[in-house]
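Participant: Sending over a structure as structure tokens; questions will come in a sec.
The values are calculated or read from the model by the stated rules, or taken from the named source; none is laboratory data. Computed from a prediction, not measured in an experiment: that's the story for all the values here. Every residue, glycine as well, gets a Cβ built from its backbone with ideal geometry; the counts of neighbours run over all protein chains shown.
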Amino acid sequence: MAEGSFFATVEKIKMPIRILILVGTLGLLGGAFFFLIYQPKTDEIRMVKDEISGLKVKVMKARRDAKRLPEVEAREIVVDAQFKQALRLLPNEKEVPSLLRNITKLGAASNLEFRLFIPKKESPEHFYYRLPVSIEVSGNYHDVATFFDKVGKMERIVNILNVSMKPQKTRSTMLITKCEAVTYRFKGTTDDKAKKKRKKKK
């Protein structure tokens, strides 16, 4: 269609129809712009804003953590010192035999006669081993109490459990005392690692 014919045709169209065509064309162009350009960019901008907000939160948390770092480090030092102190209170595997000998010496020093002293198999707990020893002694009540007091004051932790007493004879002041002495040692010690290496070699 020639350019003159096109304009001639347009001129024949009534003004209201021309306005409607113009408005429709602008509406189509506006809709295309909104859905093809504006909306995707808006979604992208919103995503970037959300990401920036998330990063701001992380930065604020990092700053708070940085301020608390000296406090956390100080607390860690205290906990580490307490852990090392606990390790010193528990015997390692090599110390267990000497610890048991010391218990019998304390009993003898308390005027007790050992009738039974049987170390049992150690049992694993959550992060330590439980090392029980069955004990049976004879002696008067005061001597038994003295023995228990001495054991309680040992450098290593030893608990006296399941205590039972009965007279040796009717109306006798001499008692047969049965109990269980229990000590503990941490898992993962150097002794445990060496034991694992020996098992692997076998």
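Participant: Any residue that is modelled with pLDDT of 75 or more and part of a helix (DSSP H, G or I) - is there at least one of those in the stretch 128-141?
Facilitator: yes
Participant: Further question on the same structure: Condition check: more than 15 Å from residue 99 (Cβ to Cβ), of a type outside the set (Phe, Trp, Tyr), surrounded by 14 or more Cβ atoms within 10 Å (Cβ to Cβ) and at pLDDT 90 or above. Does residue 164 satisfy that? Give the derivation first.
Facilitator: Numbers: more than 15 Å from residue 99 (Cβ to Cβ): yes; of a type outside the set (Phe, Trp, Tyr): yes; surrounded by 14 or more Cβ atoms within 10 Å (Cβ to Cβ): no; at pLDDT 90 or above: yes.
Taking the combined requirement at face value, the residue does not satisfy it.
Participant: Taking only the stretch 123-147 into account, find how many residues are within 15 Å of residue 99 (Cα to Cα) and surrounded by fewer than 18 Cβ atoms within 10 Å (Cβ to Cβ).
Facilitator: 2
Participant: Oh, and also: If only one of 94, 121, 84, 105 is farther than 14 Å from residue 150 by Cβ and either assigned to a loop (DSSP other than H, G, I, E, B) or modelled with pLDDT of 85 or more (or both), which one is it? Walk me through it before giving the result.
Facilitator: On the way: 94 fails: either assigned to a loop (DSSP other than H, G, I, E, B) or modelled with pLDDT of 85 or more (or both); 84 fails: either assigned to a loop (DSSP other than H, G, I, E, B) or modelled with pLDDT of 85 or more (or both); 105 fails: farther than 14 Å from residue 150 by Cβ.
Answer to the selection: 121.
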